[in-house]
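What follows is one structure encoded as structure tokens, with my remarks underneath.
What follows draws every value from the coordinates through simple rules; no lab data is involved. Remember, it's a predicted structure, so these values are computed and weren't measured experimentally. Counting neighbours? That spans all protein chains shown, and the Cβs are built from the backbone with ideal geometry, glycine included.
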Amino acid sequence: MVNIEKEKKDNIHIIRVSGEVDAGSSIHLDNAFKEGMEAGESHIAVDLTNLAYISSAGLGVFVSYLDEFELKKIKLVLFGVQETVRQVFDILGLEKLITIAESEEQAIEKLNG
Amino acid sequence: MGKSIVIVCAKDELTKIRQFVADELDRHKIPDLQAHKLVLAVDEVCANLIIHANNCDPVNKIELDLEFSPKQIIFTFRDKGVGFDINQYESPSMDELISTRRQGGLGLLLVKRIMDKIEFSTEKNYNICRLVKTIA
């Protein structure tokens, strides 16, 4: 099961993802991104502190938005990635394509930088 | 003797299969980081079998057997859906996935990068997929 909460901090749209994202639940992550896009958000931080598991379905959601984000100059930063989840990003080389910050503060700095 | 589990072809069964594999790996003292990767590979193969080979039809079933030996772990999947040999599948490149904004295609790439050997065969109407992981 995945739980997704959204929050606005100044100009930054924060999506907090907790639980497990798999082939059955990745749709919720996709919806959160879609809503952010539709609301015209340009600075998106994704909090993965409480994300215990992500499969390719969830990683695919991130990848599928990269092109559109670049085109629309939308900034995306992930933070709080657990070591077990981080290694999955590394296996696919996603850390080279997506900015990953250590903490929420660092993510906000990167988005405002 | 190995341990087995049978699930029906529905996406919400994935949680059950992950828990089963995680428990078995924990019982055999496989370190957390490696266990997480193996659970992921099993989840990816199961998701593929559920969605693509069996069209999410809960009448169909998938059986998974786990076999532990001192040097390797073997995960064997048996199902009666549309046969699919992972070795014959060419994963799309990351550039291609990004430019086409596709969400699928990463799963089997993960399986290939995590496992040491993947075998596919058919036997009496069953598709058999074996994933082998060498352990130190």
(Q) Among the residues in segment B:8-15, are any surrounded by 14 or more Cβ atoms within 10 Å (Cβ to Cβ), free of Cβ contacts under 8 Å to residues at least 12 places away in the same chain and either more than 14 Å from chain A (Cβ to nearest Cβ) or more than 18 Å from A:GLY24 (Cβ to Cβ) (or both)? (A) no
**Q.** Single residue of segment B:68-83 satisfying the filter (loosely packed, with under 14 Cβ neighbours inside 10 Å and touching a Ser or Thr at 6+ places or on another chain (Cβ under 9 Å)) that is nearest to the other protein chains (Cβ to nearest Cβ)
**A.** B:GLN72
Q) Among the residues of segment A:31-50, which ones are within 14 Å of chain B (Cβ to nearest Cβ) and touching a helix residue (DSSP H, G or I) at 6+ places or on another chain (Cβ under 6 Å)? A) A:PHE33
Q.
Could you check segment B:1-36 and list, in sequence order, the residues that are within 19 Å of A:MET1 (Cα to Cα) and among the charged types (D, E, K, R)?
A. B:LYS11, B:ASP12, B:GLU13, B:LYS16, B:ARG18, B:ASP23
Q | Restricting segment B:84-125 to residues that are small (Gly, Ala, Ser) and surrounded by fewer than 15 Cβ atoms within 10 Å (Cβ to Cβ), the residue that is nearest to the other protein chains (Cβ to nearest Cβ) | A | B:SER99
